[in-house]
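This report concerns only the one structure given below.
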Amino acid sequence: MNITFPDGAIKEYPKNITPIEIAESISHGLAKQIVVAKVNDELVDLNFEIVEDAKIMFFKFDSEEGRSVYWHSTAHLLAQAVRTLFPDVKVTIGPSIENGFYYDFDKEIPFTDDDLQKIEQKMKELAKLKNIYKREELSKQEAIDKFQKMGENYKLELLADIPNDEIISIYTQGDFTDLCRGPHLTDTAKIKSIKLLKTSGAYWRGDAKNKMLQRIYGVSFPSNKELNKYLYNLEEAKKRDHRKLGKELDLYSISDDIGPGLVLWHPNGATMRSIVEDYWKKRHFAKDYKLVQTPHIGKAELWEKSGHLGFYNESMYSAIEVDGQEYYLKPMNCPFHIAIYQSQRRSYRELPIKYAEMGTVYRYENSGSLHGLMRVRGFTQDDAHIICTPQQLDAEVENVVEFSINTLRAFGFEKFDIYLSTMPEKAVGEKSDWDKATVALKNSLQKLNLDYKVDEGGGAFYGPKIDIKIKDALNRSWQCSTIQFDFNLPTRFGMEYIGEDNAPHRPFMIHRALLGSIERFFGTLIEYHAGNFPVWLCPIQVKVLPISDQYIDYAQKINEILITNNIRSEVDFRNEKIGYKIREAEMMKIPFMFIVGQKEMDANSVSVRRHQEGDLGSFRLADIIEKIQKDVEEKK
């Protein structure tokens, strides 16, 4: 039979050969490194027998597919270790996640830190036994009988949801068997370096009506070096945590008295937000966007027409009754922008029309998923809708992609992961329109020389899209810009323009968010810069520090001059030693500290310290003002 490789090469192999044997025939080094294979677009175990002509791809740990299989296999090892040490514990599910894995257990008494150490040690001992991950396929009834005999009620509940005629797969390593689709590593010895990170409570199947389980999180790597690097990054991530820095820098708070997931912006945070929004508006005016403002609620009929009440109801807040009619808090801005477009008849001569809004929306999130600024219930989207003709499509898409990248770069972001998501199996709209939109997205990325990955079939049912994620110093990805076509709402609302032929035509509509949610963007900004913001964004750019009370008048004079020159400045009036004031300003990550005493007052100058750099020496006030203004202008 013929095996086709990703580079197009074709080689003949005997039937029933396995991916690991094919890899070994290429090189022993490759066979040692690969974790999983894809045969005819399906991920399979490395000892899967191939019986017909096939395409094959290999994945190492450094791939998304490889890490997922590696971590899922380690989750099974975790479950085996827990069952060995705590025989009465019931196992439930244990998937791989973005950064490692977890497994949920039915255990009445929560796991302790000592328990985690014992479990981790047992995992390392079991890994060295080189137990094979053996796959076995059963009928549904055979699987039920097996797990009934084992007393694993949670597995029986999972089996109940599987169709009766479906083949069930189980995996066994050593004396532990688990219900699983796979694939897995060849054996446990592939798992070299393990760290259990924490425990928490978790409801069975994520439903608060179900029993509370005990969840153990962990991570694993093929080498200690990789694990140590991960643990270092983990500590760095804790230092950068926007929830911690948000409190230290007095940017925002979330109060249970107000409501979970609802953000209170403090003066420092609100100042930064205003700077961001002013920059956002200036750039949009320059790109010929028209700013709009829309209400926070809309009638039920509007959300029925848009489809949100049918498809999105679980994320919408309960109806409010006004004059006998139901209204809902808006989860999105789109229907309002469409209403503005339809407030008058439109000609092709008016297009493209580009509406932009900092629009606050409200979406219900489960309390367990709320996370600082990253996942909230009320947030502001820098939303825009581009409405254009087919002939304008390529130019508008290229403009908006370039606009997105340049805007993100202005905030210091330089590395991006870009994904192009294409038409899924179930989709609305004409295929020809999908093709035009997808080609326009692809062409824009290629013209701008941007690297991207294609997520085949990963588009929303209503249109293809580009997602732009930023990468930070710890190599983490953060979702920011989205450029999304919509073939659903223009049809539902009957959007039209009059063409050159004097006949009505349906326009193309593009949803677009550059920063995404302002709240999530701020969380990203805080963690990306570790709170050390560029000067132009800092809520306080200069702290004037008088050495003693007798220099307060001079400090106030300096402060007034700075404010007159559009530099955000404050005086530290406290009767504290200058060393204490400097440490406080450093902790608040204020870019510039102006220290003033007798020498500075006599010379009409200031002594300047720079955050993280230290003493810069004495400056004439005009010179240092010019330097700060230049930093602001250059977005430093």
Legend entry - Residue satisfying condition, being in contact with a helix residue (DSSP H, G or I) (Cβ under 9 Å, 6 or more places away or on another chain), over 22 Å from Lys38 (Cα atoms) and not polar (S, T, N, Q), within set Glu120, Glu108, Glu142: Glu120
Inset, instruction - Starting from residues that are outside any strand (DSSP E or B) and under 15 Å from Glu64 (Cβ atoms), keep the ones in segment 453-477 and report whichever is modelled with the lowest pLDDT. - result: Asn475
Legend entry - Selection from segment 33-56 of residues that are in contact with a strand residue (DSSP E or B) (Cβ under 8 Å, 6 or more places away or on another chain), among the acidic types (Asp, Glu), in contact (Cβ under 8 Å) with a residue 24 or more places away in the chain and surrounded by fewer than 21 Cβ atoms within 10 Å (Cβ to Cβ): Glu49, Asp53
Legend entry - Scan of segment 557-590 for residues that are of a type outside the set (A, V, I, L, M, F, W, C) and either within 23 Å of Gly246 (Cβ to Cβ) or touching a Lys or Arg at 6+ places or on another chain (Cβ under 8 Å) (or both), ordered by number: Arg568, Ser569, Glu570, Asp572, Arg574, Lys581, Arg583, Glu584, Glu586, Lys589
Inset, instruction - Determine which single condition Gly617 fails, assuming it passes every other condition in (1) small (Gly, Ala, Ser); (2) touching a residue at least 12 places away in the same chain (Cβ under 8 Å); (3) farther than 26 Å from Ala530 by Cβ. - result: (2)
Inset, instruction - Quick one: which residue in His242, His266 is within 26 Å of Arg377 (Cα to Cα), without any contact (Cβ under 8 Å) to a residue 60 or more places away in the chain and surrounded by 14 or more Cβ atoms within 10 Å (Cβ to Cβ)? - result: His266
Legend entry - Count of residues meeting criterion [within 15 Å of Ile625 (Cα to Cα), β-branched (Val, Ile, Thr) and in contact with a helix residue (DSSP H, G or I) (Cβ under 7 Å, 6 or more places away or on another chain)] in segment 556-576: 3
Inset, instruction - Please go through segment 361-379 and pick out each residue that is out of contact with any Lys or Arg (no Cβ under 9 Å at 6 or more places or on another chain) and either under 25 Å from Phe336 (Cβ atoms) or of a type in the set (A, V, I, L, M) (or both). - result: none
Inset, instruction - Kindly indicate whether any position in segment 438-457 is closer than 30 Å to Asp207 by Cβ and either free of Cβ contacts under 8 Å to residues at least 24 places away in the same chain or of a type outside the set (A, V, I, L, M, F, W, C) (or both). - result: yes
Legend entry - Options Arg375, Arg346, Arg363; residue that is surrounded by 15 or more Cβ atoms within 10 Å (Cβ to Cβ), in contact with a Phe, Trp or Tyr (Cβ under 7 Å, 6 or more places away or on another chain), charged (D, E, K, R) and under 25 Å from Gly463 (Cβ atoms): Arg346
Legend entry - Pairs, first under 29 Å from Phe411 (Cβ atoms) in segment 537-550, second of a type in the set (D, E, K, R) and in a helix (DSSP H, G or I), C-beta under 9 Å, six or more apart: Gln541/Asp631; Lys543/Lys581; Lys543/Glu584; Leu545/Lys581
Legend entry - Number of the exception - Phe59 against (1) under 23 Å from Lys130 (Cβ atoms); (2) not in a strand (DSSP E or B): (2)
Inset, instruction - Return the only residue of Glu152, Glu142, Glu136, Glu157 being among the charged types (D, E, K, R), crowded, with 20+ Cβ neighbours inside 10 Å and assigned by TED's automatic domain parsing to the domain that holds Ile93. - result: Glu152
Legend entry - Evaluation of Tyr341 against (1) surrounded by 19 or more Cβ atoms within 10 Å (Cβ to Cβ); (2) within 27 Å of the chain's Cα centre (by Cα) (one fails), failing number: (2)
Inset, instruction - Output the residues belonging to segment 317-341 that are in contact (Cβ under 8 Å) with a residue 60 or more places away in the chain, under 17 Å from Gly307 (Cβ atoms) and not aliphatic (A, V, I, L, M). - result: Cys334, Pro335
Inset, instruction - Would you confirm whether any residue within segment 546-564 is within 33 Å of the chain's Cα centre (by Cα) and either more than 29 Å from Tyr252 (Cα to Cα) or aromatic (Phe, Trp, Tyr) (or both)? - result: no
Inset, instruction - Considering (1) surrounded by 15 or more Cβ atoms within 10 Å (Cβ to Cβ); (2) touching a residue at least 60 places away in the same chain (Cβ under 8 Å); (3) assigned by TED's automatic domain parsing to the domain that holds Pro390, say which one Asn475 fails and leave the rest. - result: (1)
Inset, instruction - Can you confirm whether segment 365-385 contains a residue that is more than 30 Å from Trp265 (Cβ to Cβ) and touching a Pro at 6+ places or on another chain (Cβ under 9 Å)? - result: no
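Rundown of residues vs (1) over 28 Å from Ile275 (Cα atoms); (2) in contact with a Gly (Cβ under 6 Å, 6 or more places away or on another chain); (3) of a type outside the set (A, V, I, L, M), yes/no style:
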residue	(1), (2), (3)
Ile563	no, no, no
Ile567	no, no, no
Lys589	no, yes, yes
Phe594	no, no, yes
Asn604	yes, no, yes
Val608	no, no, no
Ser618	yes, no, yes
Asp623	no, no, yes
Gln629	no, no, yes
Inset, instruction - Collect the residues in segment 193-211 that are in contact with a strand residue (DSSP E or B) (Cβ under 9 Å, 6 or more places away or on another chain) and either loosely packed, with under 15 Cβ neighbours inside 10 Å or modelled with pLDDT under 95 (or both), keeping them in residue-number order. - result: Lys198, Ser200, Gly201, Ala202, Tyr203, Trp204, Lys209, Asn210, Lys211
Inset, instruction - Confirm whether Lys599 is within 26 Å of Arg273 (Cα to Cα), surrounded by fewer than 19 Cβ atoms within 10 Å (Cβ to Cβ), basic (Lys, Arg) and not assigned by TED's automatic domain parsing to the domain that holds Lys469. - result: no
Legend entry - Filter result for Ser432 (part of a helix (DSSP H, G or I) and without any contact (Cβ under 8 Å) to a residue 40 or more places away in the chain): yes
Inset, instruction - Being of a type outside the set (S, T, N, Q) and either surrounded by fewer than 13 Cβ atoms within 10 Å (Cβ to Cβ) or within 18 Å of Thr188 (Cβ to Cβ) (or both) is the filter here, so list the residues in segment 160-177 that pass it. - result: Ala160, Asp161, Pro163, Asp165, Glu166, Ile167, Ile170, Tyr171, Gly174, Asp175, Phe176
Legend entry - Wholly enclosed helices (runs of 4 or more DSSP H) of segment 512-615 bearing at least 2 residues touching a His at 6+ places or on another chain (Cβ under 7 Å) and under 19 Å from Asn268 (Cα atoms): 518-529
Legend entry - The lone exception for Val544 - which of (1) surrounded by 23 or more Cβ atoms within 10 Å (Cβ to Cβ); (2) at positive phi it fails: (2)
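The values are calculated or read from the model by the stated rules, or taken from the named source; none is laboratory data. Just so it is clear, the structure is predicted and the values come from calculations on it, not from any experiment. Backbone-built Cβ (ideal geometry, glycine too); neighbour counts: all protein chains shown.
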